[in-house]
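For reference, the structure is listed below as structure tokens.
The values are calculated or read from the model by the stated rules, or taken from the named source; none is laboratory data. Just so it is clear, the model here is predicted, and its values are computed rather than measured. Here the Cβ is made from the backbone with ideal geometry for all residues, glycine too, and neighbour counts use every protein chain on show. Just the protein is used for accessible areas: all its heavy atoms, side chains included, with ligands, DNA and RNA removed. Shrake-Rupley method; radii C 1.70, N 1.55, O 1.52, S 1.80 Å.
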Amino acid sequence: MTLLSNTLDHASATRSRLGVVDCDIHPTLAHPKALYPYLSQLWRDHLDQYGTFQHTIYAGRGTYPRFTPNTARRDAWPPSGGPPGSDLAFMQSQHLDPHDIAFGILEPLVEANVTRNTDLSTAMCAAVNEWQLDVFASKEPRLKASILVCAEDAAGAVEEIEKHAGDRRFAQVQLGARSLEPIGRKRYWPIFAAAQAAGLPIGFHVGGPSGYAPSASGWPSFYVEDHHVLIHGAQAQVTSMILEGVFELFPKTRVVMIENGFAWAPPLSWRLDRLWSRMRSEVPHVKRPPSEYMREHVWFATQPVEEPERREDLRALFDWIGWDRMMFSSDYPHWDFDDPKRAIQMPMSEAEKAMLFRDNAMAFYNLAA
């Protein structure tokens, strides 16, 4: 066997003993009215009579099957009969226990933050946060909830962040990687201020409430195209935060791009540095090269991990981004789930493996506390 094969086999055999931190686990509502116990009668009646009016539906986009429970692994349907991700006991037996998950960060994708009615969206986000605690985080200490907020209602988002600040069952503030305007705009600054005051990082999960086409050329024709171009939103948000001066204004801000890929990060930072060196007079509030802000304030979750033909090229990506800025994620229970025992096949030292699968996330989310 080659040295590379030996290294990979050893990594696979020992990885599950690390006590993995999984930065992307998706809990799912057991049924369409699972949030009703956490909503006022006013909003229950509203949902019964009018439903939700989402940004993507307004844009005439429709939806792909991947946005339904059918997007999950075929073996992820629990014996209880609910959709994948809805049964805590099954999640424990299928994912947390066999993969030695020390901590898992919940990323609810239940359409609470995509409705055009921002009052309804804020109420639904609040309900989702209570639901996460009640159904998952309060019963399983390995699972940490995310404070889901409606970015388009900054005041409501701040109230929700302050409400849960200090509750160690929450690990981060959750935003979509898409928004109605670039996230660095002033209208969103109160959210960054509240997260910084609470000492909470912000997770930008792929997707979000924008009704605009994910492609600069319009709506894609195919699912595979749509699936890829979603990462363009993440690049735009990182660029916006840097060039709008968010990291200067809120220097303790830490963000992680979740399910947004990461191979784009090095060339984006190189290009921004070159442009900033020539046009920095336009953005005097950006006091340092953009790559420095990215290096200090932005982390990346691995799933879906890039898979170049040569495994050494994946190592080069990690080297460019920084091993201390990469964190493992599985995307459980979705169809493109990454098994921590098999994903990220490249030669790694024990120290690098520990950083990637445990230590970076432990520090980022302050889980040791």
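Under a 10 Å cutoff between Cα atoms, tell me which one of Arg116, Arg169, Arg311 has the largest fluctuation in the Gaussian network model of the chain.
So, out of Arg116, Arg169, Arg311, the one fluctuating most is Arg311.
Out of every Cα pair in segment 284-341, what percent are spaced more than 15 Å from each other?
Across segment 284-341, Cα pairs with separations above 15 Å total 60 percent.
Roughly how big is segment 275-369's charge dipole about its Cα centre, with Cβ charges of +1 (Lys, Arg) and -1 (Asp, Glu), in debye to the nearest 20?
Around 400 debye, computed over segment 275-369.
Which of these, Ala157, Ala89, Ala265, has the largest mean-square fluctuation under a Gaussian network model of the chain (Cα springs below 10 Å)?
Ala89
Leaving out ligands and nucleic acids, and using a 1.4 Å probe, what accessible area per residue does the chain come to in Å²?
Each residue of the chain exposes 44 Å² on average to a 1.4 Å probe.
Please report, as a whole percent, how much of the solvent-accessible surface of segment 94-234 comes from carbon and sulfur atoms (probe radius 1.4 Å).
Answer for segment 94-234 is 53 percent, counting heavy atoms of protein chains only.
Of the options Pro27, Leu133, Ala177, report the single residue whose Cα projects farthest towards the positive end of the charge dipole of the chain (beta-carbon charges: Lys, Arg +1; Asp, Glu -1).
Final value for the positive-end residue is Ala177.
When the convex hull of the Cα atoms of the chain is projected onto a plane and the area is averaged over all directions, what value comes out in nm²?
18.6
Evaluate the charge dipole of the chain about its Cα centre and quote only its size in Debye, nearest 20, assuming +1 on the Cβ of each Lys and Arg and -1 on the Cβ of each Asp and Glu.
560
Determine the share of segment 241-369's accessible area contributed by carbon and sulfur atoms, expressed in whole percent, with a 1.4 angstrom probe.
53
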